[in-house]
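Colleague: Dumping the structure here so I can ask a few things about it.
The values are calculated or read from the model by the stated rules, or taken from the named source; none is laboratory data. All values reported here derive from a predicted model rather than from experimental measurement. Note: ideal-geometry Cβ built from the backbone for every residue, glycine included; neighbour counts use all protein chains shown. In case anyone asks, the SASA skips ligands and DNA or RNA and just uses the protein heavy atoms, side chains included. Shrake-Rupley method; radii C 1.70, N 1.55, O 1.52, S 1.80 Å.
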Amino acid sequence: MSTRGQVLPEGRILRYTFVERVNHWIVAFAYVYLLLTGLAFWSPWLYWLAILCGGGQISRILHPWAGLIFFVAVIYMYVLWAGQMHTTDTDKAWWRSLRSYVRNEDEKMPPAGRFNAGQKLLFWGFLVCGILLLLSGVILWIPEWIPWSLRYLRYLAVLVHAASALLTIGLFMIHIYMSVFAERGAFQSAVRGDVSEEFARRYHPGWYKEVVGTGPAPRK
């Protein structure tokens, strides 16, 4: 999708295409299943979560396959968005204004493009963690294929898999905060695909300027 987006009737702007939204929700549902089953395997106190996912035996069978689905969808997300995820001077200014972002002081934020610096961090974080989870997960999935002389890979895989998973939990919580609380209307855009002009002007004025071809109106 072009970063210029598309102006729709009734003051709406297309933010995400149908393909982008479908792929996003594939990643989301696969991740939630992996999160619940992974926590169930990680601690006996959380094993009850496996019941919600089909039972312990089914969860152990489906967990690695869900991991493959998650990884493929994340890679496709990279294909869709990688070109728009490079750090810019505006992103550096965004990080310096992070306190204002947390306080919802939008008038003090630099004019973010289609994705702000925080969203770019989430993108790269999930991509890197997805690769680490895949590599370590494959070793844990088929440990009998690892020769005894390379048994240290099994121990390393346990550490890498747990650490990467915990990091994604932190990223996931930030993602929920940004899409539900920091940018009101962002969650709906992942479902509908479009946002209001007011949303674009307020949260992504740089992108709004690209879309409409004029400078953003003053934000209130």
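Colleague: List pairs: first in the range 85-101 and of a type outside the set (D, E, K, R), second in a helix (DSSP H, G or I) and open to solvent by 50 Å² or more (accessible area, probe 1.4 Å), Cβ under 7 Å, 6+ apart or cross-chain?
Modeller: Short answer, once both residue conditions are applied: Met85/Trp124; Ser97/Lys108; Ser100/Lys108.
Colleague: Select from the range 35-58 the residues that are within 23 Å of the chain's Cα centre (by Cα) and open to solvent by less than 30 Å² (accessible area, probe 1.4 Å) and write down the one among them that is nearest to Lys120 (Cα to Cα).
Modeller: Gly38
Colleague: Let me ask something else. Can you name every residue in the range 65-75 that is buried (at least 16 other Cβ atoms within 10 Å of the Cβ) and of a type outside the set (A, V, I, L, M)?
Modeller: If the condition is that a residue be buried (at least 16 other Cβ atoms within 10 Å of the Cβ) and of a type outside the set (A, V, I, L, M), then Gly67, Phe70, Phe71 are the ones that fit.
Colleague: On the given criteria, is Val7 in contact (Cβ under 8 Å) with a residue 60 or more places away in the chain and β-branched (Val, Ile, Thr)?
Modeller: Taking the combined requirement at face value, the residue satisfies it.
Colleague: (1) in a helix (DSSP H, G or I); (2) open to solvent by 80 Å² or more (accessible area, probe 1.4 Å): which one isn't true of Ala200, the others all being true?
Modeller: (2)
Here's the yes/no breakdown for (1) surrounded by 14 or more Cβ atoms within 10 Å (Cβ to Cβ); (2) farther than 22 Å from Glu210 by Cα; (3) under 13 Å from the mean Cα position of the chain (by Cα):
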position: Thr90; (1), (2), (3): yes, no, no
position: Pro111; (1), (2), (3): yes, no, no
position: Leu134; (1), (2), (3): yes, yes, no
position: Trp145; (1), (2), (3): no, yes, no
position: Leu153; (1), (2), (3): yes, yes, no
